[in-house]
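To keep things clear, I will list the structure first and then write my remarks on it.
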Amino acid sequence: MKLNAILSGTTLGLAMATATHAQEITILCDDVGFGCSTMAPIAERFNEENPGKTVKLETVSYQTIVEALPVQLESGEGPDGAIITDLGGLSRYYLDLTSHVDAGYFEEEFGRTLEWLRGSDRKSKAVNGMPTSLTVNGAYVNLTLFEQAGVPVPEEGATWDEWAEAARQVAEATNTEFPMEMDRSGHRFASFAISHGAELVDEEGNPVADEGLKTAIEKFVGWHKDGTMPLDLWGAVGGSTHRELFEDFLNANVVFYFGGSWTLSRMDTEVGDLFEWAVVDTPCGPGSCTAMPGGGALVGFKHTEQPEVVGAYIDYVSQPENYKEIIAASVEIPAAGTLIEEGVDYPGASERTKTALSTFTNQIPKMAPAAYRFQGWRYQRAMMNALTTRISQVINDELTVDAALDRIKQDVELAIEAAEGN
């Protein structure tokens, strides 16, 4: 009995010790592109190769990451890490991974995007995360509808106005519901605005509401008023709510859709041979033919109780063989310099999708300096939220364009004041 008691106590003690030393972290990610599903095989291998360390991937909607995660982080709570896209805006919450990863390798492979993760600290050399992929805003067109309508597809260098006119002709000839759509997203609208000469943020980090932005808003609102774009997509949803409109393009309800490279894998798998489609060069405005750069990053957060595990996992994902596997599965543009130069084989992708990826990649050299500056700005999210909110109010005749410009600038200045007052 005494021996049994000793053995039982020893077993309990071992169990408690195991539980005490078990290191588990949770990574939040959505399920589009470089996300939970494409990372899952890598996480499983990490868990197998690192007994006592466990990475749990928690799949949530992109909207949850955009809207709910910042609230959690502000209260000192939330997951140990996440794949995020507000790279500069969340910078104050990031775990510095410099001592947990090969910092030289990260700087060499991801240098330009690492700057976006450092927020307003231009002098920092911290490794605040691992850029997952580069994304490019861009236009998808339904080639089948163009062919049915007998309307020529505008060529490279075509303006936004020329695309709008062509899309209206196609929609009318084919009885298609919508000529054009753009995600309800300040990031998507930023491409349109900057191409019309908007700066959005100056070199000192101050919000800018200039003539270029006014021109872009006036044109965008006009297209909602004349039926080029549907009123109920930007106009009916209130506030800064993000809304992707990709389903309309998948269902062939729109001729021209302005979204981005992250939906290519879905185009390949869900459209198939239902209709012919293509990614086309970004339309031009009077200022430039720019798209917006973007991308995600796998980051850890300061409040984690397992910084070593977070760092070890991010370092593991960054290894060339693991990173390349995820990029190929997600059908996205790599952020690592070596893979950009060497190219990636996408074994499951069609030739059409590979051509689309090439088109997206070809837009990168055309991006305006203002687009890169806006992408790395700490208060980018505040500006994007202000844009969606105030433009919708103009569409609904609640504000004039001039009043909207004033409100946009005020909204961002208040956000800056609130953040810097903490």
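Let me spell it out: the conditions are (1) of a type outside the set (Gly, Ala, Ser); (2) at pLDDT below 90; (3) over 17 Å from the mean Cα position of the chain (by Cα), and residue 214 meets all of them except one. Which number is the exception? Of the numbered conditions (1) of a type outside the set (Gly, Ala, Ser); (2) at pLDDT below 90; (3) over 17 Å from the mean Cα position of the chain (by Cα), the odd one out for residue 214 is (2).
Select, from 298, 231, the only residue that is at pLDDT 85 or above, hydrophobic (A, V, I, L, M, F, W, C) and surrounded by fewer than 17 Cβ atoms within 10 Å (Cβ to Cβ). Can you show your working first?
Numbers: 298 fails: surrounded by fewer than 17 Cβ atoms within 10 Å (Cβ to Cβ).
That would be 231, the only listed residue that is at pLDDT 85 or above, hydrophobic (A, V, I, L, M, F, W, C) and surrounded by fewer than 17 Cβ atoms within 10 Å (Cβ to Cβ).
Here residue 281 clears all of (1) crowded, with 20+ Cβ neighbours inside 10 Å; (2) under 20 Å from the mean Cα position of the chain (by Cα); (3) at pLDDT 95 or above except the condition numbered (1). So which residues in region 220-247 are in a helix (DSSP H, G or I) and either among the polar types (S, T, N, Q) or without any contact (Cβ under 8 Å) to a residue 12 or more places away in the chain (or both), if there are any at all? Hits for region 220-247 are 222, 232, 247.
Is it the case, given these coordinates, that residue 172 is in the same structural domain as residue 333 (by TED's automatic domain parsing) and of a type in the set (Asp, Glu)?
Here the answer is no, as residue 172 does not meet what is asked.
For (1) of a type in the set (S, T, N, Q); (2) assigned by TED's automatic domain parsing to the domain that holds residue 270; (3) under 15 Å from residue 221 (Cβ atoms), each residue gets a yes or a no:
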position: 357; (1), (2), (3): no, no, no
position: 371; (1), (2), (3): no, yes, no
position: 382; (1), (2), (3): no, yes, no
position: 388; (1), (2), (3): yes, yes, yes
position: 398; (1), (2), (3): no, yes, yes
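Within the bounds of region 90-102, is there any residue that is more than 19 Å from residue 326 (Cβ to Cβ), part of a loop (DSSP other than H, G, I, E, B), within 16 Å of the chain's Cα centre (by Cα) and assigned by TED's automatic domain parsing to the domain that holds residue 64? Scanning region 90-102, I find at least one residue that is more than 19 Å from residue 326 (Cβ to Cβ), part of a loop (DSSP other than H, G, I, E, B), within 16 Å of the chain's Cα centre (by Cα) and assigned by TED's automatic domain parsing to the domain that holds residue 64, so the answer is yes. Per the listing 305, 321, the residue uniquely under 24 Å from residue 53 (Cα atoms), at pLDDT 90 or above and part of a helix (DSSP H, G or I) is 321. Among the numbered conditions (1) modelled with pLDDT of 95 or more; (2) over 23 Å from residue 353 (Cα atoms), tell me where residue 123 comes up short. If we test residue 123 against (1) modelled with pLDDT of 95 or more; (2) over 23 Å from residue 353 (Cα atoms), just (1) comes out false.
For region 119-129, indicate whether the set of residues that are of a type outside the set (Ser, Thr, Tyr), over 19 Å from residue 263 (Cβ atoms) and touching a strand residue (DSSP E or B) at 6+ places or on another chain (Cβ under 7 Å) is non-empty. Reasoning before the result, please.
The initial filter retains those residues of region 119-129 that are of a type outside the set (Ser, Thr, Tyr), namely 119, 121-123, 125-129.
Now narrow it down to the ones that are over 19 Å from residue 263 (Cβ atoms): 119, 121-123, 125-129.
Now restrict to residues that are touching a strand residue (DSSP E or B) at 6+ places or on another chain (Cβ under 7 Å): 128-129.
Taking every residue of region 119-129 in turn, at least one turns out to be of a type outside the set (Ser, Thr, Tyr), over 19 Å from residue 263 (Cβ atoms) and touching a strand residue (DSSP E or B) at 6+ places or on another chain (Cβ under 7 Å).
Okay, residues lined up against (1) more than 23 Å from the chain's Cα centre (by Cα); (2) closer than 27 Å to residue 111 by Cβ; (3) assigned to a strand (DSSP E or B):
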| position | (1), (2), (3) |
| --- | --- |
| 127 | no, yes, no |
| 132 | no, yes, yes |
| 136 | no, yes, yes |
| 155 | yes, no, no |
| 168 | yes, no, no |
| 190 | no, yes, no |
| 199 | no, yes, no |
| 218 | yes, no, no |
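Output the residues belonging to region 97-113 that are in contact with a helix residue (DSSP H, G or I) (Cβ under 9 Å, 6 or more places away or on another chain) and modelled with pLDDT of 90 or more. Listed by number, the residues that qualify are 97, 98, 99, 100, 101, 102, 105, 106, 107, 108, 109, 110. Filtering region 71-78 for residues that are assigned to a helix (DSSP H, G or I), surrounded by 15 or more Cβ atoms within 10 Å (Cβ to Cβ) and in the same structural domain as residue 328 (by TED's automatic domain parsing) leaves a non-empty set. For region 117-131, does any single residue satisfy the condition of being on the phi > 0 side of the Ramachandran plot and without any contact (Cβ under 8 Å) to a residue 40 or more places away in the chain? Checking region 117-131: not a single residue is on the phi > 0 side of the Ramachandran plot and without any contact (Cβ under 8 Å) to a residue 40 or more places away in the chain. Residues in region 38-70 that are touching a residue at least 24 places away in the same chain (Cβ under 8 Å), farther than 18 Å from residue 129 by Cβ and either among the small types (Gly, Ala, Ser) or crowded, with 20+ Cβ neighbours inside 10 Å (or both): 52, 61. In region 193-200, the condition of being of a type outside the set (Val, Ile, Thr), more than 16 Å from residue 256 (Cα to Cα), surrounded by 23 or more Cβ atoms within 10 Å (Cβ to Cβ) and touching an Asp or Glu at 6+ places or on another chain (Cβ under 8 Å) is met by at least one residue.
The values are calculated or read from the model by the stated rules, or taken from the named source; none is laboratory data. Small disclaimer: the values here were computed from a predicted structure and weren't measured. All Cβ positions, glycine included, derive from the backbone under ideal geometry; neighbour counts span all protein chains shown.
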